[in-house]
Amino acid sequence: IATAAVLAALPDIDLALPLQHRTFTHSIVAVVAVTIIAAVVTRRVTNWPIWRVAAICGIAYGSHLLLDWLSADLSLPRGLQILWPFSDRFYMSEWLVFALTERRDIFSMPAIIRNVRAVVQELAILGPILYAIWLIRVKAPTRLPAELPRRDHSAK
């Protein structure tokens, strides 16, 4: 879970680079690279199912791209360079599901208020989805009987 959380935040490492935000780290190529690296690392250091772990890592990284694509973005150029290096075009969804956040002067009171509102909105949208997934993944299987009653088996 911790690795997936780190990978979901990793695309924003490009904030440290001037004028590079939402470019190469926000591309399908980056998702594929993370998935391949996860497969190689999993194979070398664990005996876990390689493609399952790699898929989880790729989906965690890719989820960031999806959420950014659905977010309001007023900084130019607007959107993501999702098809980098094949295209220099920036893409942004017409469905702006998530509120605008402030990335400049983040410790000013207006920026803090805007970012807190955005986090509350994101939690209100994503919280029920995550809760439903948790119910399906964790709670539902625990309610299943370990063994079927005799009457449910076919007669021999």
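Things to note:
- Heavy atoms of Asp73: accessible area, 1.4 Å probe, square angstrom to 10: 10
- Distant-in-sequence amide H partners of Leu80 (H built 1.01 Å from N, under 5 Å): Tyr91, Met92
- The chain: DSSP helices with Cα axial extent of at least 15 Å and average Kyte-Doolittle hydropathy no lower than 1.6: 28-45
- For Val53, net neighbour charge (Lys/Arg +1, Asp/Glu -1) across residues whose Cβ lies under 15 Å away: +3
- Counting only protein heavy atoms and a 1.4 Å probe, the stretch 1-43 has 59 square angstrom of accessible area per residue.
- Extension gain, Leu19-Val138: 0.36 nm per intervening residue step, less the Cα-Cα distance, totals 38.6 nm.
- Computed FRET value (nearest 0.05) for Ile28 with Ala99, which takes r as the C-beta separation and R₀ as 35 Å: 0.85
- Each Lys and Arg contributes +1 and each Asp and Glu -1, all at the Cβ; summed about the Cα centre of the chain, the dipole is approximately 780 debye.
- ³J(HN,Hα) computed for each position of the stretch 74-85 - Karplus, 6.51 cos²θ - 1.76 cosθ + 1.60, integer Hz, glycine/proline x: 9, 6, 8, x, 7, x, 10, 8, 5, 9, 4, x
- Contour minus Cα-Cα distance for Ser108 and Leu10 (0.36 nm per residue): 32.8 nm
The values are calculated or read from the model by the stated rules, or taken from the named source; none is laboratory data. Please read all numbers here as calculations on a predicted model, not as lab measurements. Neighbour counts run over all protein chains shown; Cβ positions are idealised from the backbone, glycine included. To get the accessible areas, we keep the full protein, side chains included, count just its heavy atoms, and leave off ligands, DNA and RNA. Shrake-Rupley method; radii C 1.70, N 1.55, O 1.52, S 1.80 Å.
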